[in-house]
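The values are calculated or read from the model by the stated rules, or taken from the named source; none is laboratory data. The model shown is predicted, which means the values in this text are computed figures rather than measured ones. Using ideal geometry, Cβ is built from the backbone for each residue, glycine included, and neighbour counts are taken over all protein chains shown.
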Amino acid sequence: MTSIAEVLERYRMQLAQRRPAPQPILDMGCPWSGGALVLRQGPHGDFLGCMDYPECEYTERIMRAW
């Protein structure tokens, strides 16, 4: 028979595998709120966004030189 602790541990492991990778925090501050800027990925490419989102909606597009 399976114990509740075993079921919860399996569930915790499944959640940990679904969690997105940590976002790197950059040494730049948000010009609007002063919060940290993090590298994010969106449908139109990478961008910098304020970590204080949704209170602060600052974003900055990253231009790539290919």
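Okay, here's what the table says:
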{"read-out": "Residue within the range 48-61 that is of a type in the set (Asp, Glu), in a loop (DSSP other than H, G, I, E, B) and over 14 Å from the mean Cα position of the chain (by Cα) present", "value": "yes"}
{"read-out": "Gly42 being touching a Phe, Trp or Tyr at 6+ places or on another chain (Cβ under 9 Å) and without any contact (Cβ under 8 Å) to a residue 24 or more places away in the chain", "value": "no"}
{"read-out": "Matching residues in the range 26-45 - criterion: being exposed (fewer than 12 other Cβ atoms within 10 Å of the Cβ) and at pLDDT below 90", "value": "Asp27, Met28, Gln41, Gly42, Pro43, His44, Gly45"}
